[in-house]
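The values are calculated or read from the model by the stated rules, or taken from the named source; none is laboratory data. Computed from a predicted structure; not experimentally measured. We place every Cβ from the backbone using ideal geometry, glycine too, and count neighbours over all the protein chains shown.
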Amino acid sequence: MKKALRLLCLSALGLAAMVANAETYAFMVGINDYPDVVDKDGKPMKDENGNIVDADLKGCVNDIKNYTDLLVNKFGVKPDNIKTAFDKKANTDGFLTGIKWLISSAKAGDQIIFVYSGHGTQFDDPEIDEEDKKQEAIVLADDKLVTGNLFKEVSQMTSKAGVNATFVFDSCYSGGITRDVASYDMKPATTRNRFFKPEFLAKAKFLEKGKGDEIRAIAKKAPKAASEGSYMFLLAGREDQPTEDLEFKDNSLPARGLFSLVFGVMLDDEPNTSVENLMKKTAALLKDKGFDQVPQYEFSSADRGKKPFFLK
């Protein structure tokens, strides 16, 4: 009995030490500058109104700069533990380097944070295990597509290794008609859709299977922890609706993604509120301001949703 109690105490002390020495690592991607949209013959593509398609966004880099500021100045994350990739540097090589660093840096008890702000897309996939048979993907700066399945697999692997993983996506996976003029907090703004129609991605290619396998191998290599970690996904909107990129009429206000703007303010004001409640408050505010965008979330367990965004 005494021996069992001693082992239990030692185990508890070891767990406490692991938590006390826990680190946070973040890799965040923001892409405003996308390649020109061309057809298979290299000619500029036009929209239904005959206008040349402009794929660029305005607020994505600012989103990531704001998340960086929050992590460093609000939550005390070491600057050396944060890597970012903007615009052309957020290509296939930049993404692979960053995501591999993120996964390989963490040990049991640590938390990793991946944030993406940029274009998303959605396409038919008859083999996917989803009712609508549609696959979602983010679009890198070189038009390479990274599917959501990869992030899901990585989250489950890192969780088994005792790591707490957070994935934030301020992009959208469904097209739609955006308004010419919106208003956030009584400040007029133009909006752009963060959705890339599949037909506008004539020259896009999926991240090569071998590259995805390299990422999975790093996540899978970590030893299984005595106590599992957690994961959560925070999404800017539903799969069936566009998400907004705001450019304010007042030039003194930086362009932002609607979700990242509102969620960032909520997080700054209420850092200790449960992340589930923060997401609900964000959704309620967007609805109150007249936006159709409805943020979504997924947690590895109900308990993770009851904890703050940032785990101390």
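Checking each residue in segment 268-283 for being assigned to a helix (DSSP H, G or I), within 29 Å of residue 78 (Cα to Cα) and in contact (Cβ under 8 Å) with a residue 12 or more places away in the chain picks out 268, 275, 276, 278, 279, 281, 282. Among what's in segment 54-76 and is under 22 Å from residue 92 (Cβ atoms) and outside any helix (DSSP H, G or I), pick the residue that is nearest to the chain's Cα centre (by Cα). Applying the filter and picking the extreme gives 57.
For segment 50-60, how many residues meet the condition of being free of Cβ contacts under 8 Å to residues at least 40 places away in the same chain and either buried (at least 19 other Cβ atoms within 10 Å of the Cβ) or in contact with a strand residue (DSSP E or B) (Cβ under 7 Å, 6 or more places away or on another chain) (or both)? First the steps, then the outcome.
Of all residues in segment 50-60, those free of Cβ contacts under 8 Å to residues at least 40 places away in the same chain come to 50-52, 54, 56.
Those left that are additionally either buried (at least 19 other Cβ atoms within 10 Å of the Cβ) or in contact with a strand residue (DSSP E or B) (Cβ under 7 Å, 6 or more places away or on another chain) (or both): 52.
The qualifying residues number 1.
Starting from residues that are under 17 Å from residue 116 (Cβ atoms) and in a loop (DSSP other than H, G, I, E, B), keep the ones in segment 202-237 and report whichever is modelled with the highest pLDDT. Only one residue tops the list, namely 236.
In this structure, does residue 42 turn out to be out of contact with any strand residue (DSSP E or B) (no Cβ under 7 Å at 6 or more places or on another chain), under 29 Å from residue 308 (Cα atoms) and outside any helix (DSSP H, G or I)?
Numbers: out of contact with any strand residue (DSSP E or B) (no Cβ under 7 Å at 6 or more places or on another chain): yes; under 29 Å from residue 308 (Cα atoms): no; outside any helix (DSSP H, G or I): yes.
No.
Please enumerate the residues belonging to segment 66-77 that are touching a Ser or Thr at 6+ places or on another chain (Cβ under 8 Å) and either surrounded by fewer than 20 Cβ atoms within 10 Å (Cβ to Cβ) or acidic (Asp, Glu) (or both). Break it down into steps so the answer makes sense when it comes.
Restricting attention to segment 66-77, the residues satisfying the condition of being touching a Ser or Thr at 6+ places or on another chain (Cβ under 8 Å) are 66-68, 71, 75, 77.
Within segment 66-77, 68, 75 meet the criteria.
The set of residues in segment 77-94 that are out of contact with any strand residue (DSSP E or B) (no Cβ under 6 Å at 6 or more places or on another chain), in a helix (DSSP H, G or I) and over 27 Å from residue 193 (Cβ atoms) comprises 79, 80, 93. Evaluate segment 246-258: report whether one residue or more is without any contact (Cβ under 8 Å) to a residue 12 or more places away in the chain, of a type outside the set (Phe, Trp, Tyr) and not in a loop (DSSP other than H, G, I, E, B). No: zero hits. Restricted to segment 110-185, the set of strands (runs of 3 or more DSSP E) holding at least 1 residues that are under 21 Å from residue 260 (Cα atoms), modelled with pLDDT under 90 and charged (D, E, K, R) comprises 134-139. Of the residues making up segment 284-297, at least one is assigned to a loop (DSSP other than H, G, I, E, B), free of Cβ contacts under 8 Å to residues at least 60 places away in the same chain and under 26 Å from residue 164 (Cα atoms). Residue 97: assigned to a helix (DSSP H, G or I) and surrounded by fewer than 21 Cβ atoms within 10 Å (Cβ to Cβ), yes or no? It is true that residue 97 is assigned to a helix (DSSP H, G or I) and surrounded by fewer than 21 Cβ atoms within 10 Å (Cβ to Cβ).
Rundown of residues vs (1) at pLDDT 95 or above; (2) touching a Leu at 6+ places or on another chain (Cβ under 7 Å); (3) surrounded by fewer than 16 Cβ atoms within 10 Å (Cβ to Cβ), yes/no style:
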| residue | (1), (2), (3) |
| --- | --- |
| 268 | yes, yes, yes |
| 278 | yes, yes, no |
| 283 | yes, no, no |
| 287 | no, no, yes |
| 293 | no, yes, no |
| 304 | yes, no, no |
| 307 | yes, no, no |
